Structure formats: C-alpha cells, structure tokens
1. How about the range 121-154: which of its residues are surrounded by 24 or more Cβ atoms within 10 Å (Cβ to Cβ) and over 16 Å from the mean Cα position of the chain (by Cα)?
2. Just wondering, is there one or more residues in the range 116-125 that are within 15 Å of the ligand (Cβ to nearest atom) and either in contact with a His (Cβ under 8 Å, 6 or more places away or on another chain) or without any contact (Cβ under 8 Å) to a residue 60 or more places away in the chain (or both)?
3. Is it the case that GLU74 is within 17 Å of LEU32 (Cα to Cα) and of a type in the set (D, E, K, R)?
4. So, of the residues in the range 181-200 that are open to solvent by less than 50 Å² (accessible area, probe 1.4 Å), in contact (Cβ under 8 Å) with a residue 40 or more places away in the chain and more than 22 Å from ALA14 (Cβ to Cβ), which turns out to be farthest from the ligand (Cβ to nearest atom)?
5. Confirm whether SER151 is part of a helix (DSSP H, G or I) and without any contact (Cβ under 8 Å) to a residue 24 or more places away in the chain.
6. Does ALA247 fit the bill of being modelled with pLDDT under 95 and either open to solvent by 50 Å² or more (accessible area, probe 1.4 Å) or in a helix (DSSP H, G or I) (or both)?
7. Can you name every residue in the range 73-100 that is assigned to a helix (DSSP H, G or I) and either without any contact (Cβ under 8 Å) to a residue 12 or more places away in the chain or within 11 Å of SER153 (Cβ to Cβ) (or both)?
8. For the range 27-63, which residues satisfy the criterion of being open to solvent by 20 Å² or more (accessible area, probe 1.4 Å), among the aliphatic types (A, V, I, L, M) and part of a helix (DSSP H, G or I)?
Amino acid sequence: MNIRDKHILLTGAAGGMGRILAAELHARGARLSLIDANAEALQQVAGELDGTAAIVGDLSTIDGCSAVAAGAAEAHGPVDVLINLAGMMSFRCYEEEDPAMIERIVQVNLLGAMQLTRAVLPDMIGRNQGRIVNVGSIFGSIAFAYFTAYSASKFGLRGFSEALRRELNDTGIRVMYVAPRAVKTPLNTGRIMRMGEATKMNMDEPEYVVRKIIRAIDNDRREVYIGFPESLFVGINVLLPRLVDRALAAQNRIARTFAREED
Ligand SMILES: NC(=O)c1ccc[n+]([C@@H]2O[C@H](COP(=O)([O-])OP(=O)(O)OC[C@H]3O[C@@H](n4cnc5c(N)ncnc54)[C@H](OP(=O)(O)O)[C@@H]3O)[C@@H](O)[C@H]2O)c1
C-alpha cells in the first residue's frame, strides 16, 4: 500500500519504536492519529509533526479503545491503516508475577489490539479497503521463560491476526503480523538488558525495525519475522519443540537469576 495521504492510526506512538515510526510515516506524507497513554511524551512527539492528531488514551479498556477510535475519526475521517504497536512487558518468575500485571499485559497487548481493530473495521469493510498491522514479537512464536504473560499475549495476537486475515481474505482489507526480536527501547528495563548481555541475546536498533515495519506495509506482507537465526527458530519450534526446549535450557538458567532481581 502506498502510505502517502493515508490516515494512519498508530498506537504506542510515544514509545521507543513509536516515535521513530511516527516521524517516518509523517515524512512519507501520511495523515497521522497518534495514540499513547503517556500524555507528555505524546505531545512532544506530535508537536514536531505538523497536522498530526495526538490522542491520549488507555487501550486496556473497551471504552478507552472506543474513545481513541472516535477521536481518530473526528481528526482525519476513516482510518486507512491501523498499526497496533502499543505494548507492555514483564520479566519475572511466573509465580512471583503481580496478578494485576498479568491482566494488564493481556489487556494492552492482546485485547487492546482486538478492540481497536473491532472499532475501525466496519468503516474499512464499508469502503472495502484498509490495513491492520499487528506488531507482535518473536516471543509470540517461541515462548520464553520468565516472559510468560508477555509470550502468551503475543501468541494470542498472532492467532488473532491469522484468523482475521483468513476471515477478510476475500476483501480489500489486509491483516499483517510483524514480529521483531529484541529491540533497544525503554520496554527492556535494565534487568532485561543485563540478562540479554549475559545470554548474548541479539538486539536490533529501533530504526532498523521501523524500516522493516514500513516495508511490510509498502509490500502488503502477511507475516514478517525479523532477525536471523530467530526467524529460522520460529519454524523449528513448530516442527521440533523439544529441540528448542533443550537449546534454551542453559540460557533459561542464566535468565532466572535476573528474573528474580528487584527492578
Ligand atoms: N522492544 C522490544 O524488545 C520489542 C521486541 C519485540 C516486540 N516489541 C513490541 O513492539 C511494540 C513497541 O514496543 P517498544 O519497544 O517501542 O516499547 P515502549 O518503548 O515501551 O513503547 C510502548 C508504548 O506503548 C504505550 N502504552 C503502554 N500501555 C498503554 C496503554 N494501556 N494505552 C496506550 N498506550 C500504552 C507506552 O506508554 P507508557 O510509557 O505510558 O507505558 C509506550 O509509550 C510493543 O508491542 C512490543 O511488545 C518490542
């Protein structure tokens, strides 16, 4: 899809990848509705991009998602491209995870994307055009120890994307799923960064991942897994999951010590 003049609703726009993606989409001539829970950071991002609507909202509730969709429609009319990028993460031993955090991760990463999609889809179907871009994770295909709630939410997002893509197959609407490996953004706290270093986890620059997301939209890609060998392991995990269990066992033992640390 050609991005120029398209109305793009981008969630998580004030985050590490969101602010770079917003600037790139703006440079490519898109009309933007930028969404984030962080009001101050969002105003700063939108303030640098002329003609951009900044909509502060909480995507963890149905009402929050409806309000965001209504705000975007009011600002720029029907949405051409919805990019579900907002997300949150926790790195903990599951038995020590805060129950409220488990709920919030699923609400934001999975239900927020589902509800916002539901809110913009009738207009897309009415016009028989549109793009839904769900930003998942390699952890949505290879579940990682100590990222259990996060992995579960991203597995859900991948399943949602696949089902909706099949449901809309005979329409002009495309559903895409883009799965980065680890990226250098504030989502990864100091503990996660230290664990990543100790386990030699590959990490990409956010600018690189943003280019991949834009290329996926340009080329109407259905699924994109970013990074090698992680993208290869996505397939191996489906065919030979026990092999991946064994390959990750040593890394998990190292990760456990960091998962138990205080923030
Ligand atoms: N960074 C990685 O290693 C990595 C790897 C693979 C996939 N991803 C995915 O890429 C996406 C973007 O991640 P990022 O690295 O850019 O993260 P980030 O820097 O933490 O940005 C995420 C943004 O989403 C916002 N947000 C969180 N909860 C929200 C809610 N309830 N309503 C509205 N906005 C909310 C955050 O606001 P607050 O700051 O106020 O919370 C933040 O501005 C996420 O879906 C993530 O799962 C990231």
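1. GLY130 - this is the single residue of the range 121-154 that is surrounded by 24 or more Cβ atoms within 10 Å (Cβ to Cβ) and over 16 Å from the mean Cα position of the chain (by Cα).
2. As a first pass, look at the range 116-125 and keep what is within 15 Å of the ligand (Cβ to nearest atom): 116-117, 119.
Okay, now just the ones that are also either in contact with a His (Cβ under 8 Å, 6 or more places away or on another chain) or without any contact (Cβ under 8 Å) to a residue 60 or more places away in the chain (or both), so 117, 119.
Scanning the range 116-125, I find at least one residue that is within 15 Å of the ligand (Cβ to nearest atom) and either in contact with a His (Cβ under 8 Å, 6 or more places away or on another chain) or without any contact (Cβ under 8 Å) to a residue 60 or more places away in the chain (or both), so the answer is yes.
3. Working: within 17 Å of LEU32 (Cα to Cα): yes; of a type in the set (D, E, K, R): yes.
Here the answer is yes, as GLU74 does meet what is asked.
4. ALA198
5. On the way: part of a helix (DSSP H, G or I): yes; without any contact (Cβ under 8 Å) to a residue 24 or more places away in the chain: yes.
Criteria met by SER151.
6. Numbers: modelled with pLDDT under 95: yes; either open to solvent by 50 Å² or more (accessible area, probe 1.4 Å) or in a helix (DSSP H, G or I) (or both): yes.
When the stated conditions are applied, ALA247 passes them.
7. Looking only at the range 73-100, we keep the residues that are assigned to a helix (DSSP H, G or I), and these are 73-76, 94-96, 99-100.
The answer is GLU74, GLU95, PRO99, ALA100.
8. Of everything in the range 27-63, those that are open to solvent by 20 Å² or more (accessible area, probe 1.4 Å), among the aliphatic types (A, V, I, L, M) and part of a helix (DSSP H, G or I) turn out to be ALA27, ALA39, ILE62.
The values are calculated or read from the model by the stated rules, or taken from the named source; none is laboratory data. For clarity, every value in this text was computed on a predicted model and none was experimentally measured. Using ideal geometry, Cβ is built from the backbone for each residue, glycine included, and neighbour counts are taken over all protein chains shown. SASA here: full protein model, heavy atoms, side chains in, ligands and nucleic acids out. Shrake-Rupley method; radii C 1.70, N 1.55, O 1.52, S 1.80 Å.
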